[in-house]
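Structure, as structure tokens:
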Amino acid sequence: MIRKLTLKYADCSGVLDFAWIVKVESSVKIPANKMQVQAEFMNKKIESEVGGEVNRFEKLSEMLEKKLGELGAVEFFSKEDLNKIIDDLMNVKRKSKGSVGSTMH
């Protein structure tokens with residue numbers, strides 16, 4: 001098709017008519033400009049949707065950070081403290097079993 005158009009608008013020496021080149025350029029620029037406008041619109045739409053998700057994740061991250069800070073502020077028993085409590089409870093249990101058994105004799 002382009003070859004036919006080129007032959008149609010070329011003079012006998014094979015040189016293209018400058019006016020024809022301008023027409024072709026302008027006809028290509030219009031769709032290109034329309035595509036550029038559409039691409040910019042889609043970029044803005046994507047940015048707004050993705051930006052909303054990013055904001056949501058930032059808020060969730062801040063909330064998680066705050067909750068983890070609160071959790072770190074709570075004092076828990078250390079492993080040694082828990083082991084000592086378990087040992088004490090086991091000793092109490094053994095003593096109570098021993099005293100119950102000795103009172104039954």
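Name the pairs: first residue in region 76-105 and of a type in the set (Val, Ile, Thr), second residue at pLDDT below 85, Cβ to Cβ under 8 Å, at least 6 apart or on different chains?
Correct list of pairs: Ile85/Phe77.
Quick one: Ser26 ticks every box in (1) modelled with pLDDT under 75; (2) assigned to a helix (DSSP H, G or I); (3) surrounded by fewer than 10 Cβ atoms within 10 Å (Cβ to Cβ) except a single one, so which number is it?
Every listed condition holds for Ser26 apart from (1).
The values are calculated or read from the model by the stated rules, or taken from the named source; none is laboratory data. Please read all numbers here as calculations on a predicted model, not as lab measurements. For neighbour counting, all protein chains shown are included, and Cβ atoms are generated from backbone atoms with ideal geometry for every residue, glycine included.
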